[in-house]
1. Among the listed residues Ala99, Ala131, identify the single one that is surrounded by fewer than 21 Cβ atoms within 10 Å (Cβ to Cβ), at pLDDT below 95 and not β-branched (Val, Ile, Thr).
2. Do any helices (runs of 4 or more DSSP H) entirely within the stretch 144-241 hold 3 or more residues that are buried (at least 24 other Cβ atoms within 10 Å of the Cβ) and under 21 Å from the mean Cα position of the chain (by Cα), and if so, which?
3. So for the stretch 30-41 (the condition being touching a helix residue (DSSP H, G or I) at 6+ places or on another chain (Cβ under 9 Å), on the phi < 0 side of the Ramachandran plot, crowded, with 20+ Cβ neighbours inside 10 Å and modelled with pLDDT under 80), does at least one residue qualify?
4. Show the residue pairs meeting these rules: Cβ distance below 7 Å; 6+ apart or different chains; first residue within the stretch 56-81 and free of Cβ contacts under 8 Å to residues at least 12 places away in the same chain; second residue hydrophobic (A, V, I, L, M, F, W, C).
5. Consider Gly305 carefully, then state whether it is of a type outside the set (A, V, I, L, M) and surrounded by fewer than 15 Cβ atoms within 10 Å (Cβ to Cβ).
6. Of all residues in the stretch 421-442 being over 14 Å from Leu465 (Cβ atoms) and of a type in the set (Val, Ile, Thr), which is most open to solvent (accessible area, probe 1.4 Å)?
7. For the condition in a helix (DSSP H, G or I) and either open to solvent by less than 40 Å² (accessible area, probe 1.4 Å) or free of Cβ contacts under 8 Å to residues at least 12 places away in the same chain (or both), what is the one hit in Val484, Val448, Val411?
8. Of the residues Gly305, Gly283, Gly311, which single one is at positive phi and at pLDDT 85 or above?
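The values are calculated or read from the model by the stated rules, or taken from the named source; none is laboratory data. Quick caveat: nothing in here was measured; it's all calculated off a predicted structure. Heads up, the Cβs are rebuilt from the backbone with ideal geometry, glycines too, and the neighbour counts pull from every protein chain shown. The area values use the complete protein model at the heavy-atom level, side chains included, leaving out ligands, DNA and RNA. Shrake-Rupley method; radii C 1.70, N 1.55, O 1.52, S 1.80 Å.
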Amino acid sequence: MEETPLADRQAQAPEPVASRDAVNKGLWSLVKEALHGSEQDLTQLPLGRAIFLLAVPMVLEMCMESVFAVVDVAFVGRLGAEAVATVGLTEGILTIIYAAGMGLSIGATAMVARRIGEKDAERAGRTAVQAIGLGVIISTVLAVAGIIFARPMMAALGGSPWVLEHGVGYTRVMMGGVVSILLLFLINAIFRGAGDAAIAMRVLMLANGLNIVLAPCLIFGWGPFPEMGVVGAAWATTLGRSAGVVYQLYRLMRSNGRLQVRREHVSLEPATMLAMVRLSGAGMVQALVTTSSWVVLVRIVATFGSTALAGYTIAIRIVMFALMPAWGLGNAAATLLGQSMGAGDPERGAKAVWLAGKYNLMVLGTIGVAFFIFAHPLLGAFTTDAAVVDEGARALRIFSLSFLSCAYGMVITSAFNGAGDTRTPTLIDLGCLWALELPLAWVLAHPVGLGSVGAYWAVPAAFALMSVLGIVLFRRGRWKTRVV
């Protein structure tokens with residue numbers, strides 16, 4: 001056998017270091033493109049690349065959204081327990097507003113994604129205007145009602161005399177800012193549907209940045225600012241969100257984005273608005289079902305004392321933050337499915353959903369294992385109370401068992417919404433959360449006698465069923481027939 005020349009062998013030999021450098025440069029280039037915003041057609045890109053370009057800014061956007069509440073509590077906490085209670089009670093009222101915002105966002109994302117997939121920029125722009133008009137109408141009604149009935153609502157929720165005397169101003173400002181809350185949700189959903197996820201991310205970075213700067217200034221009266229106490233926190237949040245909305249509108253009116261709103265688009269179309277209401281109505285129910293199930297679960301856990309409640313509260317906050325990548329991947333799947341259906345290629349959209357679910361499985365599976373192993377150190381970072389750490393670690397370990405099933409469940413739920421089939425995930429949520437999780441939590445906790453641990457076990461049971469139902473119904477493919 002003739003020996004291969006040395007030069008040829010060297011040319012054929014792998015170059016692991018150079019290859020790794022090339023991979024790293026390619027990955028960094030992809031991250032920069034995702035953060036800057038890609039101009040490429042998502043319906044033509046390789047699916048893995050398209051998912052990455054959407055998911056990275058979407059994950060960061062989800063993280064930014066959660067920062068508002070954390071910042072408010074961090075600064076308001078220095079004013080005392082009554083001020084913190086004011087923020088907490090007002091957040092309870094705003095839960096309905098958030099549900100409305102999330103519901104409207106589902107309809108807006110589905111309709112805009114479909115028009116973008118159809119390459120119908122004209123209809124996409126008009127659809128965006130209808131979504132914004134609907135948001136303005138609904139939020140204005142809610143804002144006026146919130147300002148007028150702020151005191152009675154806080155009293156009904158059990159507000160103390162201090163809260164009713166000094167904290168109602170906070171509630172009134174927050175309710176007056178409902179227009180900015182809904183529009184922030186809604187216009188970011190429009191950008192996500194168009195595939196401009198990086199813009200949505202930057203909007204929340206701007207809004208959060210202003211909130212972080214203004215909150216201490218307005219609460220404590222730093223520099224030239226008046227000392228407004230807890231009301232200052234509300235003004236900081238509202239001004240930050242309002243600035244974000246102004247930036248959103250500026251980006252919509254620019255001529256270099258995927259989605260362009262021009263002056264001739266600005267007219268109300270009742271038929272389009274009605275179609276969006278039909279889509280969004282089920283989306284609002286979804287959001288209410290999800291949020292209310294956690295509230296009822298808190299009530300069940302609270303029957304076992306403050307230690308159980310504190311441990312659960314810390315554990316669930318850790319879990320919610322860890323689920324941010326799952327929500328980002330779910331939103332990416334929804335956008336790609338909607339655009340693929342608009343492009344007449346639902347099979348490509350389905351492949352994107354399964355691929356996003358696979359990525360989510362790897363991410364959440366890794367996080368779940370880490371949570372199971374390091375539950376005690378994680379809880380210890382939030383409290384020094386040994387009993388609370390033990391309780392929270394038990395909750396975190398049990399919740400982490402749901403991460404594998406949750407991975408596909410969250411992506412598929414978002415995918416249904418992206419296809420315009422909001423009814424199916426709503427029925428799944430009702431069945432799994434209200435019909436299974438909450439009754440099972442109470443039965444295991446009380447009649448069976450497992451205590452708070454019994455309530456925790458209901459969560460992985462519900463998510464396992466949710467994923468199975470989601471996978472079975474998605475495979476049936478009835479979502480392919482949805483007209484948006």
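1. Ala99
2. By residue number, 178-194, 197-220.
3. yes
4. If the second residue must be hydrophobic (A, V, I, L, M, F, W, C), the pairs left are Gly77/Val84.
5. Answer is yes for this residue.
6. Selected residue: Thr424.
7. None of the others qualify; the one that does is Val411.
8. Criteria check complete, one pass: Gly305.
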